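The block underneath contains the structure these notes are about, expressed in structure tokens.
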Amino acid sequence: MPISVASGTFDKSASTSVPFTQTVVTTLNFTPKIIIFWTSGQSTATATHIRHGFGWTAGPTQNFSMAFGSDHAGPASTTGNNTFRRASDAYCLTHTTSGAATPSVQFKLNAFTSTGFSITYDTNNTSVFPIHYLAIGGTDITNQKAGSFIPNATAGNQDVTVATAFDPDVVFFMGANTTLIPPSATSIPHA
């Protein structure tokens, strides 16, 4: 299998007994090496607020995720209480269900298996909603890495050093533009 790809959806668990592990996918015919996750945090199209979460993992200790949201028709706020964003290098999905940046759902990869993957929740609420995934694997994927870096403050090229050095064939970036991870950063593109 040079490259294998599968996409699907699973329901977020309603258990709040954290931490706990959920085996969510067991029907793949390959071992994933990278998984991308995303959710709107709702099971119907009638929600009045935006609550999106995105993230990915290249292994149990290689994660990045971000979430953002905005309240619909809420009062104007000079303190930012009706909009938020957050980012985390510790989780492959983070999500909020309130108008604050405090996470209500956070999980990381527990393990890749020969037919799917399992995740471990460290934060969870009782809401159940779909989480979508894109799993990528195969023998042609020989190196993968998830991490973060702080961009240069000036225009121009920037070299990014990866702890496990290799020449990538594909690179994904996601900018969180938040000061939450790491605390001193003002903008955080991720690869």
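Quick notes on this structure:
- Residues that are surrounded by 18 or more Cβ atoms within 10 Å (Cβ to Cβ) and at pLDDT below 90 do occur in segment 9-31, at least one of them.
- Members of segment 88-113 that are charged (D, E, K, R), at pLDDT 90 or above and assigned to a loop (DSSP other than H, G, I, E, B): none
- Residue 113 passes every criterion in (1) among the polar types (S, T, N, Q); (2) crowded, with 16+ Cβ neighbours inside 10 Å; (3) within 23 Å of residue 19 (Cβ to Cβ) apart from (2).
- Scanning segment 49-76 for residues being at pLDDT below 80, more than 13 Å from residue 96 (Cβ to Cβ) and either of a type in the set (Asp, Glu) or in contact with a Gly (Cβ under 9 Å, 6 or more places away or on another chain) (or both) gives a total of 1.
- Checking the stated criteria, residue 127 turns out not to satisfy the condition of being assigned to a strand (DSSP E or B), surrounded by fewer than 22 Cβ atoms within 10 Å (Cβ to Cβ) and of a type in the set (Ser, Thr, Tyr).
- Taking segment 130-156 as the range and being surrounded by 16 or more Cβ atoms within 10 Å (Cβ to Cβ) and either aromatic (Phe, Trp, Tyr) or assigned to a strand (DSSP E or B) (or both) as the test, the residues that pass are 131, 133, 135, 136, 137, 148, 149.
- Of the residues 23, 61, the single one that is of a type in the set (Ser, Thr, Tyr) and without any contact (Cβ under 8 Å) to a residue 40 or more places away in the chain is 61.
The values are calculated or read from the model by the stated rules, or taken from the named source; none is laboratory data. Note that the coordinates shown come from a computational prediction; the quantities given were computed from them, not determined experimentally. Here the Cβ is made from the backbone with ideal geometry for all residues, glycine too, and neighbour counts use every protein chain on show.
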